[in-house]
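So the structure is just underneath, and the comments pick up after that.
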Amino acid sequence: MSRLDTTFQRLRRQGRKALIPYATAGYPSVDITPALMHVLVEAGADIIELGVPFSDPSADGPTIQAASEYALRQGIGLPQVFDQVRRFRESDTDTPVVLMGYANPIERYDLLRQPGAFAVDAASAGVDGVLVVDYPPEVSGDLAVQLRRHGIDMIFLLAPTSTKRRIRQVAIHASGYVYCVSIKGVTGAKTLDMTQVRDTLARVRRHVRIPVGVGFGIRDACTAREVAQVADAVVIGSWLIESLANKPAAEALAAASDLIRDVRRQLDLDVPEPDHAFKPKHSKT
């Protein structure tokens with residue numbers, strides 16, 4: 001059983017929802033990522049989405065674009081991302097790590113090495129899932145096969161505009177969880193509509209049997225809690241990245257911890273005490 005499956009099963013037994021923070025690899029400083037990942041877990045994160053910096057994103061808003069541009073200027077690419085995951089795995093072998101990014105860096109990685117090198121090296125580093133924004137099911141076959149061969153889940157996006165046909169395609173091919181975009185737009189938007197979220201999830205759940213997470217547009221803990229009442233997981237991205245901006249490492253780590261702890265408290269408000277309440281983990285940094 002994969003780390004993602006194990007995590008969602010544990011949370012389901014506890015009556016809790018997954019908290020999935022997104023961090024851009026190499027931001028806000030080159031070497032901070034492993035420590036940031038540990039801090040997020042200690043604060044209550046269940047799964048880490050690690051963004052692979054890319055110069056021409058199609059789904060990222062200004063905040064994540066700026067973080068990626070910074071990381072790229074510092075020389076962060078897939079080899080460095082894999083190294084960061086390996087360093088995280090030195091003291092955390094339980095928390096699932098999902099790489100989120102675009103097709104170009106993956107295809108170039110294989111081109112410079114050999115076909116399938118990305119999947120091999122991702123598995124070796126300790127990656128559990130991959131979400132490629134511009135790989136819908138109909139063009140992801142080769143990568144999905146390679147990832148599956150190495151025990152890595154292929155995660156797909158769905159949106160309010162997704163048709164029944166696309167939802168059915170994703171239901172067939174996805175594993176780990178499905179990422180539902182809450183809005184018609186890019187990350188960081190401030191126009192989340194809970195009525196639309198509920199409608200999208202209702203349509204998705206008619207076909208998808210694995211956990212469903214919701215991201216994009218979640219910018220406060222109360223909204224995160226509201227989303228968690230209808231989703232299996234809540235993804236926090238731009239809001240978290242903004243909290244790190246223009247801060248030295250210690251302050252950035254503290255800000256990330258405070259934000260995620262606040263969200264975790266909100267998500268667990270309806271969870272019975274004391275058996276299922278979140279208890280912070282001992283520091284691993």
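For segment 65-72, the count of residues that are crowded, with 22+ Cβ neighbours inside 10 Å and touching a Lys or Arg at 6+ places or on another chain (Cβ under 9 Å) is zero.
Please tell me if Val145 is more than 14 Å from His207 (Cα to Cα) and not hydroxyl-bearing (Ser, Thr, Tyr). Yes, satisfied.
If I filter segment 94-117 for residues that are in contact with a strand residue (DSSP E or B) (Cβ under 8 Å, 6 or more places away or on another chain), under 28 Å from Glu226 (Cα atoms) and among the aromatic types (Phe, Trp, Tyr), do I get at least one hit? Looking through segment 94-117, none of the residues is in contact with a strand residue (DSSP E or B) (Cβ under 8 Å, 6 or more places away or on another chain), under 28 Å from Glu226 (Cα atoms) and among the aromatic types (Phe, Trp, Tyr). Looking only at residues of segment 249-285 that are closer than 23 Å to Gly26 by Cβ and at pLDDT below 95, we find that the one that is surrounded by the fewest Cβ atoms within 10 Å (Cβ to Cβ) is Ser283. Reported count of residues in segment 57-75, each being closer than 25 Å to Gly213 by Cβ and either of a type in the set (A, V, I, L, M) or outside any helix (DSSP H, G or I) (or both), is 9. Every test in (1) of a type in the set (A, V, I, L, M); (2) over 20 Å from Pro160 (Cβ atoms); (3) surrounded by fewer than 17 Cβ atoms within 10 Å (Cβ to Cβ) is passed by Ala221 save one, and that test is (3). Restricted to segment 171-250, the set of helices (runs of 4 or more DSSP H) holding at least 2 residues that are in contact with a helix residue (DSSP H, G or I) (Cβ under 6 Å, 6 or more places away or on another chain) and of a type in the set (Gly, Ala, Ser) comprises 221-228, 238-244.
Among the candidates Leu4, Leu19, Leu50, single out the residue that is buried (at least 19 other Cβ atoms within 10 Å of the Cβ), in a helix (DSSP H, G or I) and not basic (Lys, Arg).
Working: Leu19 fails: in a helix (DSSP H, G or I); Leu50 fails: in a helix (DSSP H, G or I).
Of Leu4, Leu19, Leu50, the one residue that is buried (at least 19 other Cβ atoms within 10 Å of the Cβ), in a helix (DSSP H, G or I) and not basic (Lys, Arg) is Leu4.
Residues in segment 192-215 that are under 19 Å from Ile241 (Cα atoms) and either of a type in the set (Ser, Thr, Tyr) or without any contact (Cβ under 8 Å) to a residue 40 or more places away in the chain (or both): Leu192, Val214.
The values are calculated or read from the model by the stated rules, or taken from the named source; none is laboratory data. None of these values were measured; they are calculated from a predicted model. Note that each Cβ is placed from the backbone with ideal geometry, even for glycine, and that neighbours are counted across all protein chains shown.
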